[in-house]
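**Student:** I'd like to ask you about the structure that follows.
Just so it is clear, none of the values below were taken in a lab; they were calculated from the coordinates. Treat the numbers as computed from the prediction; the structure is a model and nothing was measured. Note that we place each Cβ from the backbone using ideal geometry, even for glycine, and neighbour counts take in every protein chain shown.
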Amino acid sequence: VLANIAGGKTDRVIQNTITDFVDVQADGSMVATVSLTRKHNGVSGEEFTGQRNLSYVQLYAPVGSQLLAVQGFSRVDSTLLRPLDPKAVVDADLQRIEGTATISEATATRITTEFGKTVFGNWIEVQPGEEKTITFRYRLPFTWFSGQGTYQLLVQKQPGAVDTPVKVALTPPPNTQLIWSAPPGREDGESVIFSSTLDQDREFSAILKSPK
C-alpha cells in the first residue's frame, strides 16, 4: 500500500514493479524478500507531475512475520512534516486497528498488526527521472514442512493503483520437482518462476514433490 504525501499528481507518472523471492532454508523456515521498484517518468518543473514523489509504503505480510532487513528507504527531511500538536490525542479507531506500534531502531521501519496481518512501513522519495528500489526481507511464520510440498501466495492489489508487473520466485529445497502450478510457472534452475500483472488480486499456487 502506497500513500503519496504532498507529491502532487506524480503517482500518474510513476512506474512500479514488484518482485517477491521466497527461499526455503535448510531447516524448512521460509524467508521472503519483497522489492518495489519505482521509476519517476515525470520531467522536473512540469506542473503537477514534475516534483518529487514522497510516499509511505506499507507491506502487509502474514501475521507473525519477523522483519530481518530493509534496504533503499529514504530518511524523510524533518522540515517536510509538521510537528505533533502537544494537545493531540490518540484516535480511538486507529488505536483499535493498529494496536501498539514498534519502531525498528536500525531501519526506522514501523511495525504494526492490522486486519490480521503484520505490517512493515517506511518511506521512499523519488525525484523526476530517478528510479529507486526498496526491499523488505522477513521470515514467514510457517515452515516448508507444514505445507507438505504445497505453496500458495495471495498478492492483493491496492484499490485505485495502476496495473503493476509482479514476479514471484519460489526456491524450494534442492532436487524438488514441480508437479503443478497455477498460473503456469516455469522452472529456472532450482526456482519456480511466476510472472503476472497486478490488475486485480492474484493468487500463485504450486505443488512440489520433495526428495525422499
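**Student:** For the residue pair I97 and I207, what label-to-label distance in nm results when each label sits 7 Å from Cα along the Cα-to-beta-carbon direction?
**Tutor:** It works out to 3.9 nm between the two label points.
**Student:** Quick one: length gained pulling E46 to K87 fully straight, 0.36 nm per residue minus the C-alpha distance?
**Tutor:** Numbers: separation 41, 0.36 × 41 = 14.76 nm, distance 3.87 nm.
My answer for the length gained is 10.9 nm.
**Student:** Pull out the extension gain between A161 and Y56, defined as 0.36 nm times the separation in residues minus the alpha carbon to alpha carbon distance; nm, one decimal.
**Tutor:** Gain on extension, A161 to Y56, equals 36.4 nm.
**Student:** Another question, if that's okay. Express in % the proportion of alpha carbon pairs of the range 16-67 at distances exceeding 18 Å. Present the calculation step by step, with values, prior to reporting the outcome.
**Tutor:** On the way: 705 of 1326 pairs.
For the range 16-67, the share of Cα pairs beyond 18 Å comes to 53 percent.
**Student:** If you don't mind, there's one more thing I want to ask. Between S29 and E105, what FRET efficiency comes out of the Förster formula 1/(1 + (r/R0)^6) with R0 = 25 Å and r the beta carbon distance, rounded to 0.05?
**Tutor:** 0.55
**Student:** From the backbone phi of the range 99-106, what are the Karplus-calculated ³J(HN,Hα) couplings (6.51 cos²θ - 1.76 cosθ + 1.60, θ = phi - 60°) in whole Hz, Gly and Pro given as x?
**Tutor:** In residue order, the calculated couplings are x, 9, 8, 10, 10, 6, 5, 6 Hz.
**Student:** With the crude spin-label approximation of a point 7 Å out along Cα→Cβ, what separation in nm comes out for K39 versus R186?
**Tutor:** 2.0 nm
**Student:** Sum -39500 (n - 2.57) across every DSSP H segment of at least 4 residues in the chain, then divide by the residue count to get the 222 nm mean residue ellipticity, nearest 500. Spell out each step's value before the answer.
**Tutor:** Values: 1 runs with 7 residues, N = 212.
Result for the chain, helices only: -1000 deg cm²/dmol.
**Student:** Quick one: Karplus J couplings for the range 60-71, per residue in order, coefficients 6.51, -1.76, 1.60, θ = phi - 60°, nearest Hz, x for Gly and Pro?
**Tutor:** The phi angles translate into 8, 10, x, 4, x, 5, 10, 5, 10, 6, 9, 9 Hz.
**Student:** Okay, next question. Taking loop as defined by DSSP and a crowding limit of 12 other beta carbons within 10 Å, which GluC sites (Glu not before Pro) in the range 122-212 fit?
**Tutor:** On the way: sites: E125, E130, E131, E187, E190, E203; in loops: E130, E190.
Of the GluC sites (Glu not before Pro), not one in the loops of the range 122-212 has a Cβ with at most 12 other Cβ atoms within 10 Å.
**Student:** Is the shape of the range 116-205 rounded, prolate or oblate, going by the alpha carbon gyration tensor and its root eigenvalues a ≥ b ≥ c, with a/c under 1.5 for rounded and a/b larger than b/c for prolate? Mind dumping the intermediate values first?
**Tutor:** Details: a/c = 1.84, a/b = 1.64, b/c = 1.12.
Note, shape of the range 116-205 comes out prolate.
**Student:** Continuing with this model, one more query. Under 5 Å between amide hydrogens, which residues at least 5 positions from S65 or on another chain qualify, with H placed 1.01 Å from N in the peptide plane?
**Tutor:** Hits under the 5 Å cutoff: T118.
**Student:** Treating only the Cβ atoms of Lys and Arg (+1) and Asp and Glu (-1) as charged, compute the dipole magnitude of the chain about its Cα centre; round to the nearest 20 debye. Write down the numbers at each step before the final one.
**Tutor:** Numbers: 20 positive and 23 negative charges, 37 e Å.
Around 180 debye, computed over the chain.
**Student:** A follow-up question, please. 7 Å from Cα along Cα→Cβ at both A3 and E131: what's the point-to-point distance in nm?
**Tutor:** 2.9 nm
**Student:** When only Cα pairs under 8 Å and 6 or more residues apart are kept, what is the percent relative contact order across the chain? Present the calculation step by step, with values, prior to reporting the outcome.
**Tutor:** Working: 454 pairs, mean separation 55.0, N = 212.
It rounds to 26 percent for the chain.
**Student:** State to the nearest 20 debye the size of the charge dipole of the range 1-106 about its Cα centre, where the only charges are +1 on K and R beta carbons and -1 on D and E beta carbons.
**Tutor:** Numbers: 9 positive and 12 negative charges, 70 e Å.
It works out to roughly 340 debye.
**Student:** Would the range 9-164 count as rounded, prolate or oblate if I go by the C-alpha gyration tensor, calling it rounded below 1.5 in a/c and otherwise prolate when a/b exceeds b/c, oblate otherwise? Before the final figure, lay out the partial values.
**Tutor:** Working: a/c = 2.09, a/b = 1.33, b/c = 1.57.
Because a/c hits 1.5 or more and a/b fails to exceed b/c, the range 9-164 counts as oblate.
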